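First up is the structure itself, then whatever we jot down about it.
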Amino acid sequence: MLKLFTLLVAAGIASPALANDTLAEIKTGGLIFAQSDDVRMAEEDLFISASEVRVDYVFENSSDKDVESLVAFPMPDISGQVDNNSAISDYDSDNFLHFSTQQDGRPITAKLQQRVVSLGIDVTDEFAKQGIPVLPYSQKTTEALAKLPETVRKDWIARGLVYPMGAGDAEIDLVPLWTLRSTYWWRTTFPAKKKVSVAHRYKPAVGGTVAISFLEGGEPKGERFEEYSRKYCLDGDFVRVAQQRAREAETGGANYTESWISYVLSTGANWAGPIKRFQLTIDKGKPGSLISFCGSNVQKIGPTTFRMTAVDFDPSKDLDILILNPPETAQ
C-alpha cells in the first residue's frame, strides 16, 4: 500500500487562488511497448522535476529468439478552447515537449503520427485538404484559419471545429476547438538473451496557481481539499504549515504558489511481469519549497531531491506531485 510522503520547509505565505490564475498540468508518461511475454523490464530509473523528466529503462529478452517490437511515446492531447490555460509554452513546434530518445546510447529518429479529432470524429483529412496546420494554437494555424473559404468557415463553425470570436461588424476570429493527438513511434529489436537500454527525455508541462488553493477560508475543508488529500496524500503537518502561511499572508506578505506535475505510471505495462528494480527521484527545485506526493520508503538524498526504490514494482496508479513554492524573498 502506498504511504504518504511529505516534506515541510518553513517559509512563505499562502492565500486562496483564483481560477483565472491557473495553468492546467498535462499528464505525460513513459514509453509504451507492444505486448510481449518474452521481454521484461529489468530496471526503470525515473527522474522528475519541473524542468525535465528523464527515464532510463533496461529491458531483457529472456527468450531464445529476437523480439521485434513497436515502441510509442504518446504526447498529451492538445485541445483548443476559448480560454486557453494549458501549461504548454511552445505551440509552434510539433515536438512541444522537446522529446528525445536513445537506445543503447544511440539517438533514435522517431516517426510522428498526428490526428485531428472533433466530437470523437477524425477530421485529419479535411485539415490536409484545406491546408490548415493541426497545432491548435500556432501562429500559422491562426493565419490559415483566417483564409478559410466562407462555405468551409460556416461548416466548421456549425460542426464545432472552431468558435467565432467577435460580434456585429467586428472582425471575427476563429478559435480552434479541435483536439490534436500526437504519437512518436519507432520499431526496435530486443536481441535474444540480451539486455537493451532505452532512455528518453522531455520537458514536462507543469500546471499551477498563484497561491495555495486547497484551503477554504484558511481551513482544511471543502471539495478541493478532499481532492488534494486523495491526489497528493496531504497529511496533518503539511496542512498545518499551509494554514500558518495563510495566516501570515493576512499581514500583507507574498503568497506561496502551487506547481502540479503529473506522470502516467500505470500505462505501458506490457512487459513480462513487474518491474524488477524501480527507482524514482523527484527534485522539488528550491530548498524552501514544500512537496507532497504518494509514495513509500521515500528518503531525502539532497537539499531538494527525494528517492523511492522498489523491487518487483507493479504500478497501479499514476503519480501526482504538489510543490508549494515560496515567494522569491524566502527561497
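The values are calculated or read from the model by the stated rules, or taken from the named source; none is laboratory data. Please read these numbers as outputs of a predicted model, since none were measured by experiment. Heads up, the Cβs are rebuilt from the backbone with ideal geometry, glycines too, and the neighbour counts pull from every protein chain shown.
Of the set (1) crowded, with 21+ Cβ neighbours inside 10 Å; (2) assigned to a strand (DSSP E or B), all apply to residue 281 but (1). I'm trying to understand the selection: among the residues of the range 226-247, which are in a helix (DSSP H, G or I) and surrounded by fewer than 17 Cβ atoms within 10 Å (Cβ to Cβ)? The answer is 226, 227, 230, 236, 237, 240, 243, 244, 247. Applying the set (1) touching a Lys or Arg at 6+ places or on another chain (Cβ under 8 Å); (2) in contact (Cβ under 8 Å) with a residue 60 or more places away in the chain to residue 133 leaves exactly one unmet item: (2).
The residue that is surrounded by the most Cβ atoms within 10 Å (Cβ to Cβ), counting only those in the range 288-303 that are among the small types (Gly, Ala, Ser) and out of contact with any Gly (no Cβ under 9 Å at 6 or more places or on another chain), is 292. Taken over the range 284-300, the criterion of being among the small types (Gly, Ala, Ser) and outside any strand (DSSP E or B) is satisfied by 285, 288, 289, 296.
Matching residues to (1) in contact with a Ser or Thr (Cβ under 6 Å, 6 or more places away or on another chain); (2) at pLDDT 80 or above:
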| site | (1), (2) |
| --- | --- |
| 270 | no, no |
| 280 | no, yes |
| 283 | yes, yes |
| 296 | no, yes |
| 310 | no, yes |
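The one condition from (1) modelled with pLDDT of 90 or more; (2) in a strand (DSSP E or B); (3) in contact with an Asp or Glu (Cβ under 7 Å, 6 or more places away or on another chain) that residue 40 does not meet is (1). Could you grab me the full set of residues in the range 304-331 that are surrounded by 11 or more Cβ atoms within 10 Å (Cβ to Cβ) and part of a loop (DSSP other than H, G, I, E, B)? Those that are surrounded by 11 or more Cβ atoms within 10 Å (Cβ to Cβ) and part of a loop (DSSP other than H, G, I, E, B): 304, 314, 315, 318, 326, 327, 331. For the range 194-209, the condition holds for at least one residue, the condition being that it is in contact with a Pro (Cβ under 9 Å, 6 or more places away or on another chain), in contact (Cβ under 8 Å) with a residue 60 or more places away in the chain and either under 30 Å from residue 140 (Cβ atoms) or exposed (fewer than 13 other Cβ atoms within 10 Å of the Cβ) (or both). In the range 109-153, the residue that is surrounded by the fewest Cβ atoms within 10 Å (Cβ to Cβ) out of those that are assigned to a helix (DSSP H, G or I) and acidic (Asp, Glu) is 150.
When the range 314-331 is examined, which residues are found to be of a type outside the set (A, V, I, L, M) and touching a residue at least 60 places away in the same chain (Cβ under 8 Å)?
Restricting attention to the range 314-331, the residues satisfying the condition of being of a type outside the set (A, V, I, L, M) are 314-318, 320, 325-329, 331.
Hits for the range 314-331 are 317, 318, 320, 325, 326, 327, 328, 329, 331.
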